[in-house]
Structure formats: structure tokens, C-alpha cells
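The values are calculated or read from the model by the stated rules, or taken from the named source; none is laboratory data. Predicted, not measured: the structure shown is a model, and the values here were computed from it. We place every Cβ from the backbone using ideal geometry, glycine too, and count neighbours over all the protein chains shown. Each accessible area value is taken on the protein alone, full model and side chains, heavy atoms only, with ligands, DNA and RNA left out. Shrake-Rupley method; radii C 1.70, N 1.55, O 1.52, S 1.80 Å.
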Amino acid sequence: MPENRSQVTLSLVAAFFLVGMVGFSLGAVVVVLKVWPFSDLREIYYVSRALWETGDVDAHRFRRRAPANRPRDEFTVHLPESQLDGYYAFTGYDRAAGTYTVRLFDQDGTLINRIAATPADFGVSPQPNFPDPHGVVMLPDGSVVLVFDRADMIVRLDRCGAPVWSRDDAYHHLASRTGRGTILVWRGVPNAYGTHQFIEELSEETGETLRVISIEDVMKVAGPDAAFFNTDPEAPFPDPTKIGFPDRPPIDRYHPNDVEELSQRDAAAFPMFDAGDLLVSLKSVNMVAVIDPLSLELKWFQRGPWSKQHDPDYLPDGRISVYDNNTGFGTSRIVIIDPVTGEVETRFAGPEAGDGSFSFRNGSQGLHQRLPNGNILISSVHQGFAAELSEAGNIVMEFHNFHQSDEPWNAHMSNALWLPEDFFAVSPVCETGVTQ
């Protein structure tokens, strides 16, 4: 009898183990291949976590914990004597408007215009797949070009929010102006995370495509250096229509998130490069690189010391600054590198790194901008705030995108820009006024 009981127990244990293994295997398939019910389970997880942490079901998309020990004021100028005359444009979820907006402030913090980016206006479904503007380009007539996350489109809105033009394709991440009436942006196939990636130059006026550069062609020219892109230049790139799940490729090989052109003004500071050379960021391989747009030559590249970086910029002193998300390694930071000598400078890494008192922590996205007086404007997307810092590291101005002013919550804020006083050719204010 005890022997039979042991056999029954063993059989039950084996059955439970088998069921567990089958369940685990099915779960692994769902997660890896992102097939049904992956989206439903992911949404249940986010909503449950949001309810547990904040009591608000929309918190996983729109609410962010504000940085500790900062004033709970929306717009604060600490050092007006260190400010330049101009404007600030902040893009984020606007709780008062119930949608994402681009809000334009003067340097004193007075709101002078608000442009709503409402998904329904462009035929895009609302939350849970609420698309937020990631790339933002302001134009001298007060209009704005927006590149959305979770929505395959780029759109130009006038200063009152009416569409001027739009392009329906997988444009993604940040965009930049060239200074000759065009915009540079990435486009992916079949989506933002696809293996096939293209740099496109679009007309600011019409949205028309004027130039296309394929990353596959850059890899072929790079030859052996293509290995640094985790790519064999001789191997065929996979056909997105034949990989089984055309809406979501299995490997986010590059994750390009920015492209900017070296201006004629700054080219003299970069002996290795020429005016027009393109500075790109490839997040998946921790790479920042400079590409000749004509020959497609890879003129310079480096992987690290940043981790999952965003927004590299040419600096007028011949160096390149990188917004280092520093994902998985503590606080975020700004890393500045000399492409000639390889010398690296780290800025604003926070007290954890022994680098002064200012710190920010941003696991993904992010933007920084060096102002003409040497100040740096940093946006911390996951904390919902932006801060302008002097060369010495003092906070000149800070903006908190309130979700709730009386509690430690900011709303998601994807972008912050400073614009000079003479940037706008006409008034940037909508004729019907701004809703406060």
C-alpha cells in the first residue's frame, strides 16, 4: 500500500511538473513571439501595477515620479542672470488638455501658446496604445513637426494645431533641421524596430521625401567595420514579409534614435569630418557614428562608454556630446567625447558618481541641448521634468510637467527645446489665443 501511495504521489508530481513545463513553454512562446494573448497580458500587468502603486489606471503611460527634493512649481527660474533671451518648448502629456501638447513659454515662464497633438485628429486610436510625440521640430512660423511613438506617422501642425501635411509610414524617434528648409528623420521597415532602416530628408514645407539613405548600403561600404554593427555585410538582410511576424521583427538590431547634420558653421572645428556629414545614434549596439551621406563612408564610430544612448550632438568646440541613458548602471549623464583624441568627459552624473549635486535618471528616450552661452538643457522623460544647467552645474531653470502639483507626480514629458529670441519670423501665438 505505501508503495502504491508513493507511485501515486510520484505520478502527481510528474503530472504537475509536466503541466508546469508546458505552461512555461507556452508562456515563453507568447513572450518571445509576442502572439496572443501577449498584448492583453501586458496591458493587465501595466494596469495592475499602476493601480497598486498609484491608484490610477492610466499611470503607466502618463504619470511619472517627480525627482526628490525639487520645488513643486511648474516653471522656476533660479538664475535669471544666466538665462539667454528666448523661448522654451515643452512636449508632454498635458493633464489639463487630456492629450499631449507642445507648450511654448517665454523665458519668465509665461505660457504663450499650446498646440494639441490629439491622436484622434490623425485617425489614431486612443490609449492603451496612446501615441506620444517623441521627435519635435519647431519652425519659424510657429508650426511644429511631430514624430510619434506607437503611431506610424510624421505630421506638421500649424501654430493653432491644424494639420499642414502628414506622412503615414514608420517614421520614428527624434528629428532634426538641416538649416536649408529640410528635416532629417529615421524610417523603419516594417516598423520603427525593423532591420531595414532609412535616413530620410523631408521638405519642411510639404513633407516630400528629397533624399533616402539605407543603412544596408552603409553596411556594405563599411566592409569589415560592419561587424561593429552586429552585422555581416555579405549576408542578406531578412525579408520582413517572410519572417513570420511582419508587424514585429524578432530582433531590434539597430534601434536608431537620432540623426543630425554637421553645419557649415561648425565644420571647421571637426578636421575628421565635412559639412553635411551625418551623426547617428544606434541604441541597440550602443554606437554613435558619423556617416558621409554621399560616399556612405563610415568616418568615425564608437561603442560606449555610454549605455542605450540617445541624442548625440556636434559641439562647436569639435567634440560630440551624448545623452547617456546609462541604462542598468545608475543615474543618467551627459558624456562628451573628442573624436580625434578619444578623450572623454562626463557631466551631470549626479552624487552617485561624485559629480556634483544634480542628477537625473532616465531609462529610455531623452534629449539635451547645448545653448550658445554653454548652458545645457536636459529633459528627463521618465521623471517628467527638464532642467537648464550652467557650465558650473548650477540649475538655471527647471520645468515640471505636473500630473499633480500637490503630490510627487509629474506627467510624461518627451521633449524640451530652447529657441533664441529671434527664432520666430512671425508671432508664434495662435490667433484664437492660448488656453491656460
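Some observations on this one:
- Restricting attention to the stretch 316-336, the residues that are modelled with pLDDT of 95 or more and either among the polar types (S, T, N, Q) or part of a loop (DSSP other than H, G, I, E, B) (or both) total 5.
- Residue match in the stretch 166-173 (condition: among the aromatic types (F, W, Y), open to solvent by 10 Å² or more (accessible area, probe 1.4 Å), touching a residue at least 12 places away in the same chain (Cβ under 8 Å) and closer than 30 Å to C430 by Cα): no
- Count - residues of the stretch 378-433 that are surrounded by 15 or more Cβ atoms within 10 Å (Cβ to Cβ), touching a residue at least 40 places away in the same chain (Cβ under 8 Å), aliphatic (A, V, I, L, M) and within 20 Å of Q107 (Cβ to Cβ): 11
- Residue within the stretch 176-185 that is within 20 Å of S284 (Cβ to Cβ), at pLDDT below 90 and open to solvent by less than 30 Å² (accessible area, probe 1.4 Å) present: no
- Cross-chain or 6+ apart pairs with Cβ under 7 Å, the stretch 64-91 first and at negative phi, then of a type in the set (V, I, T) and modelled with pLDDT under 95: H78/I395
- Against the conditions (1) touching a Gly at 6+ places or on another chain (Cβ under 6 Å); (2) more than 24 Å from H134 (Cα to Cα), Y323 satisfies every one except (2).
- Among the candidates L278, L282, residue that is in contact (Cβ under 8 Å) with a residue 24 or more places away in the chain and over 25 Å from F329 (Cβ atoms): L278
- Only one of N362, N401, N373 that is at negative phi, modelled with pLDDT of 90 or more and under 21 Å from the mean Cα position of the chain (by Cα): N401
- Selection status of P339, assigned to a loop (DSSP other than H, G, I, E, B) and either open to solvent by less than 10 Å² (accessible area, probe 1.4 Å) or within 22 Å of H255 (Cα to Cα) (or both): no
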